[in-house]
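Below is one structure, written out as structure tokens; comments come after it.
The values are calculated or read from the model by the stated rules, or taken from the named source; none is laboratory data. The model shown is predicted, which means the values in this text are computed figures rather than measured ones. Counting neighbours? That spans all protein chains shown, and the Cβs are built from the backbone with ideal geometry, glycine included. To get the accessible areas, we keep the full protein, side chains included, count just its heavy atoms, and leave off ligands, DNA and RNA. Shrake-Rupley method; radii C 1.70, N 1.55, O 1.52, S 1.80 Å.
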Amino acid sequence: MPRPTTKQSLLEAAEKGFKELFGFAEAMSEEERCAEFLFEDRDKNIRDVFVHLYEWHRLLLNFVENNRRGVTAAFLPLPYNWKTYPQMNVEIWKKHQSTSCQTAEQMLKDSHRAVMDLIRSFTDEELFLKKYFPWTGTTSLGSYCISVTSSHYDWALKKLRKQDRLYKENLADKRAKIKQ
């Protein structure tokens, strides 16, 4: 799907990505959903992926809310910037180690709805005209929205697909060893 350039295409891409992500996750068995990822990564399980998406939704929601109220705020909270945001992602991971998978799923569903409502509140021009808002810098608000929705959902779905493939390969290997 091409990168969205209108409000409608952004809403469609975000909703499509979200449905694909949850459709894939819901098709997994409970055992698969709870399993630790079989590849080295910051995110160790589906909960970690869901809270990551949730927290990035919160970044967008807070960024827009603060700036709309006249409180100048950067997208990334201090002390982070675009060079150090991977460290912020590690802090997100640490923050949610006691969050249950069920809670993470509900948080993500709720934040997705809030982001979709936020997107709906803007016009095409407000979303896609670069520098429309002084607080978006040289880019458009739509670029931020794409980053935390459709692009991030694609990233998450790739992780789940990788885990699914490796999980099934690992299971097949175990079954083959048992038969020997």
Item to check | Per residue accessible area in Å² of the range 1-93, where ligands, DNA and RNA are left out and the probe is 1.4 Å | outcome: 55
Item to check | Average projected area [Cα convex hull, the range 77-151], square nanometres | outcome: 6.1
Checklist entry - Looking at the square roots a ≥ b ≥ c of the eigenvalues of the Cα gyration tensor of the range 1-75, which shape do they give, rounded for a/c under 1.5, prolate if a/b is larger than b/c, or oblate? => result oblate
Item to check | With every protein chain in place, the range 1-109: carbon and sulfur % of accessible area (1.4 Å) | outcome: 53
Checklist entry - If you take the square roots of the eigenvalues of the alpha-carbon gyration tensor of the range 39-122 and sort them as a ≥ b ≥ c, do you get rounded (a/c under 1.5), prolate (a/b over b/c) or oblate? => result oblate
Item to check | Loop-located trypsin sites (Lys or Arg not before Pro) in the range 108-146, at most 14 other Cβ atoms within 10 Å (DSSP) | outcome: LYS130, LYS131
Checklist entry - If you place +1 on the Cβ of every Lys and Arg and -1 on the Cβ of every Asp and Glu, how big does the dipole about the Cα centre of the chain come out, in debye to the nearest 20? => result 320
Checklist entry - Using a ≥ b ≥ c from the Cα gyration tensor of the range 69-111 (square roots of the eigenvalues), is it rounded, prolate or oblate, where a/c under 1.5 gives rounded and otherwise the larger of a/b and b/c decides, a/b for prolate? => result oblate
Next on the checklist: Among 56-62, 81-87, how do they line up by average Cβ neighbours within 10 Å per residue, starting with the highest?
Outcome noted: 56-62, 81-87
Checklist outcome for this item: Here the FRET efficiency for GLN8 versus LYS179, based on Cβ atoms and R0 = 41 Å and rounded to 0.05, is 0.15
Checklist entry - Taking only DSSP H segments of four or more residues, each worth -39500 (n - 2.57), what value at 222 nm results for the chain once the sum is divided by all its residues, to the nearest 500 deg cm²/dmol? => result -22500 deg cm²/dmol
Next on the checklist: Averaging the inverse of every distinct alpha carbon separation and then flipping it gives the Kirkwood radius. What is it for the chain, in angstrom units?
Outcome noted: 17.6
Checklist entry - How much of GLU36 can a 1.4 Å solvent probe reach, expressed as accessible area in Å² and rounded to 10? => result 100
Item to check | Farthest toward positive dipole pole in the chain [+1 Lys/Arg, -1 Asp/Glu at C-beta], among SER140, LEU166, LEU10 | outcome: LEU166
Checklist outcome for this item: One finds the C-alpha centres of the range 65-100 and the range 127-179 to be spaced, in Å, by 18
Item to check | Listed residue pairs exceeding 30 Å between alpha carbons, taken from LYS109/LYS174; LYS16/LYS177; LYS83/LYS131; LYS131/LYS158 | outcome: LYS109/LYS174; LYS16/LYS177; LYS131/LYS158
